[in-house]
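See structure below.
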Amino acid sequence: MNYYDQPLKSLRPMMLLGFLITAAMFGTAMYMQHVMYLDPCPLCIVTRVIVLILAILFLAALILNPSAWGRRVFGMLFTLASLSAVIVSSRHSWLQHFPPSSEGSCGPGLNYWMDNLPAAEVIQNVFKGTAECSEVSWTMLGLSIPEWSLIIFLGFLFFSLRLLFKAR
């Protein structure tokens, strides 16, 4: 029996773990917003959307338990989502350490931008950062929410790259 004849190991335990981590991340975000009254900034909202996308991907992979070809497809999707999350949380962490100038930091929120501006301008405004994005409202062990998120997303990125390139 050679390497290619061996059956593929099930991905289900890893997918379940990933789904539980993303569910815990989203649950923690909801707890912080509705119980601790920490309102999310525009970058936090973008991060939440990416976490939901990752959760859906983990759940789909958990249910489907894909073959080698499907693992590469999921690996690519996980890589795109994880890389997006790493970029957003890196930018958010950077803004917390190097806040934008105070000029123009107060203004309409994300809902107004989405209703009245083209998508490209909304994205540009979100990544430009606002005063609320640079505010550190909670820390644990000296790390802020975006820094903890970045650590988790780097783990997801490592996992997704391994899934993508070691799909056999």
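The values are calculated or read from the model by the stated rules, or taken from the named source; none is laboratory data. For clarity, every value in this text was computed on a predicted model and none was experimentally measured. With ideal geometry, Cβ positions are generated from the backbone for all residues, glycine too; neighbour counts draw on all protein chains shown.
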Can you pull out the residues in segment 142-168 that are more than 16 Å from Ser89 (Cβ to Cβ), out of contact with any Phe, Trp or Tyr (no Cβ under 8 Å at 6 or more places or on another chain) and of a type in the set (D, E, K, R)?
Arg162, Lys166
Cβ pairs under 8 Å, 6+ apart, first in segment 70-86 and free of Cβ contacts under 8 Å to residues at least 60 places away in the same chain and of a type in the set (D, E, K, R), second part of a helix (DSSP H, G or I) and surrounded by fewer than 18 Cβ atoms within 10 Å (Cβ to Cβ):
none
Output for Cβ contacts, cut-off 9 Å, separation at least six or different chains, first residue closer than 17 Å to Leu17 by Cβ and modelled with pLDDT under 85 in segment 155-168, second among the basic types (Lys, Arg) and surrounded by fewer than 18 Cβ atoms within 10 Å (Cβ to Cβ), reads Leu163/Arg72
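Among the listed residues Ser84, Ser93, identify the single one that is more than 22 Å from Leu16 (Cβ to Cβ), buried (at least 19 other Cβ atoms within 10 Å of the Cβ) and of a type in the set (Gly, Ala, Ser). Spell out the reasoning first.
On the way: Ser84 fails: buried (at least 19 other Cβ atoms within 10 Å of the Cβ).
Of the residues listed, the single one that is more than 22 Å from Leu16 (Cβ to Cβ), buried (at least 19 other Cβ atoms within 10 Å of the Cβ) and of a type in the set (Gly, Ala, Ser) is Ser93.
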Checking the structure you have, find out if any residue of segment 61-80 is closer than 30 Å to Phe158 by Cβ and at pLDDT below 80.
yes
Given (1) under 15 Å from Ser137 (Cβ atoms); (2) part of a helix (DSSP H, G or I); (3) out of contact with any Ser or Thr (no Cβ under 8 Å at 6 or more places or on another chain), identify the lone condition not met by Pro40.
(2)
